[in-house]
Amino acid sequence: MTNKKMIDLQTLVEETGAESGLSFNIDGILNESVNLEYDGNVAAMIGMILKMCLEMSEDVNNGDLKQVMIKNNDGIVVASKNQDDNCIALLSKDLSKMGLLLRKMDSIFNN
């Protein structure tokens, strides 16, 4: 994802069966969203989570953070970032889509 215009967020959401998605930077500045209410707030919160996990990863010498998965009783959020700190997050209420979301995000970010 070197160029954020290369990612068609609507197509990504449709291909994965996610309910919604967003594109933002690690500072939580929203670029685009699909099917998401309060998208600016969600981008800010996921950006903060990514930043905190990045710092933790550096503190324990585990290398550069690439992806965070949040699973709860009602769904899953998969958020990935590239080396330029551009981020994509997909949200799904169907936990059975977890593998597809993770695999698709890995292919986008070439992890």
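So here's what we get for this one:
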item: Net charge dipole size for the chain [Lys, Arg +1 and Asp, Glu -1 on Cβ; Debye, nearest 20]; result: 240 debye
item: With every protein chain in place, the chain: carbon and sulfur % of accessible area (1.4 Å); result: 48 percent
item: Overall Cα dimensions of region 11-64, principal axis frame, Å, largest first; result: 36, 23, 14
item: Paramagnetic reach from VAL60 (point 7 Å along Cα→Cβ, amide N under 20 Å) across region 67-101; result: 67-72, 77-81
item: Max mean-square fluctuation residue, GNM over the chain, Cα-Cα springs under 10 Å, options ILE88, ILE26, ILE49; result: ILE49
item: Rounded tilt (10° steps) of 39-59 against the dominant C-alpha axis of the chain; result: 30 degrees
item: Region 64-111 shape via C-alpha gyration tensor axes, a/c threshold 1.5; result: prolate
item: Residue-wise HN-Hα coupling along region 75-83, computed from phi with Karplus coefficients 6.51, -1.76, 1.60 (Hz; x: Gly, Pro); result: x, 9, 10, 10, 10, 10, 10, 9, 5
item: Phi-based couplings in Hz for region 14-22 (Karplus 6.51, -1.76, 1.60; Gly and Pro marked x); result: 5, 5, 8, x, 5, 6, 7, x, 8
item: Accessible area of VAL42 in the full protein assembly, 1.4 Å probe (Å², nearest 10); result: 30 Å²
item: For Kirkwood radius over Cα pairs in Å, calculated from these coordinates, the label among [x] 13.8; [y] 15.3; [z] 14.3; result: [x]
item: Å² per residue, accessible surface of the chain at 1.4 Å; result: 57 Å²
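The values are calculated or read from the model by the stated rules, or taken from the named source; none is laboratory data. Keep in mind it's a predicted model, so treat the numbers as computed, not measured. As a convention, Cβ positions derive from the backbone with ideal geometry for all residues, glycine included, and neighbour counts pool all protein chains shown. For the accessible areas, the whole protein counts, side chains as well, though only heavy atoms, and no ligand, DNA or RNA atoms are used. Shrake-Rupley method; radii C 1.70, N 1.55, O 1.52, S 1.80 Å.
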